[in-house]
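Heads up, the thing below is written out as structure tokens.
Coordinate-derived values only; no laboratory data. Everything quoted here is computed from the prediction, not taken from an experiment. All Cβ positions, even for glycine, are placed from backbone atoms using ideal geometry, and neighbour counts span all protein chains on display.
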């Protein structure tokens, strides 16, 4: 398998914390390989360890055992090769949108002329639809606009991997839909490899090439993986009208309901071949 086919490798990834009764294992033997340019979502119930996996990949949470390899290099801590977007963008309030984005660009391209760094920041703010608001401060921006700045800041790093932890979870539905479209467009333009945590089944199907379903914690692991067969670019209205969409959605919801009932197999007793048999790739 080529390096591009195993661009990101999570091998036997485990996270545990000490407790009075012994180690509490949150995530255990989590295995996943991602291709370069692939978009993968992690989905599961609250507390199953999705964000724990993401934080270990980001290098923000030390790995208890196992490892993370990105582009052939082991991840041992935070780095600018990974851009992270959280629910709240945590912008510096005394800086404009442009200055917030350029701060990261200055750190990663310190050897480049300042005019070039500024233009890179402006370019990415334009990509997310903020070309007219680059000089506004966070207090002057809506929640959705602030999240656009967060996306621009992450993309401007030209990261090897984009990590998204429920990036639209705090937004209203209309803003959420709009920013999902922005994310899809920019990921395609930048050929970005992305790993996203979400609770939203519809969001996972819209954005992802594959959806990784996690079992309930503790000792959470990969329960099932669903290949999403729809071609790109995807548009929400067309996707919702496709005859296979709701069967795939039912499959994901069925897995989650099975986990809620305490049966680890849940809907995952269906094999991937059975799912493929009941779907048709969009022409």
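What the table below lists for this structure:
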item: Computed over the chain: relative contact order in percent, which uses C-alpha pairs under 8 Å that are six or more apart; result: 22 percent
item: Beta bridge orientation in the chain: antiparallel %, DSSP, nearest 5; result: 55 percent
item: Whole-percent pair-distance distribution, where bins are 10 Å wide, for the alpha carbons of the stretch 39-89; result: 21, 54, 24, 0
item: Expected 222 nm ellipticity per residue - DSSP helices of 4 or more, -39500 (n - 2.57), all of the chain, to 500; result: -11000 deg cm²/dmol
item: Mean Cα-pair separation over length for the stretch 91-158, i.e. relative contact order, pairs under 8 Å, 6 or more apart, %; result: 47 percent
item: Rounded to 10°, Cα long-axis angle of helix 245-260 versus longest principal axis of the chain; result: 70 degrees
item: Tilt relative to the chain, helix 143-156 - C-alpha long axis, 0 to 90 degrees, to 10; result: 90 degrees
item: Folded to 0 to 90 degrees: helix 114-127 orientation relative to the chain principal axis, Cα; result: 50 degrees
item: Modelled FRET efficiency - R0 51 Å, residue 241 with residue 17, Cβ distances, 0.05 increments; result: 0.65
item: Square roots of five times the Cα gyration tensor eigenvalues for the stretch 91-158, Å; result: 19, 11, 10
item: Within a Gaussian network of the chain (alpha carbon springs, distance under 10 Å), most fluctuating of 232, 146, 160; result: 232
item: Centroid-to-centroid separation of the stretch 139-192 and the stretch 38-63 [C-alpha atoms, Å]; result: 18 Å
item: Cα→Cβ-extended label distance, 7 Å offset, between residue 108 and residue 69, nm; result: 2.4 nm
item: For the chain, convex hull of alpha carbons as volume per residue, Å³; result: 150 Å³
item: Highest-MSF residue in the chain out of 260, 58, 204 [GNM, Cα springs under 10 Å]; result: 260
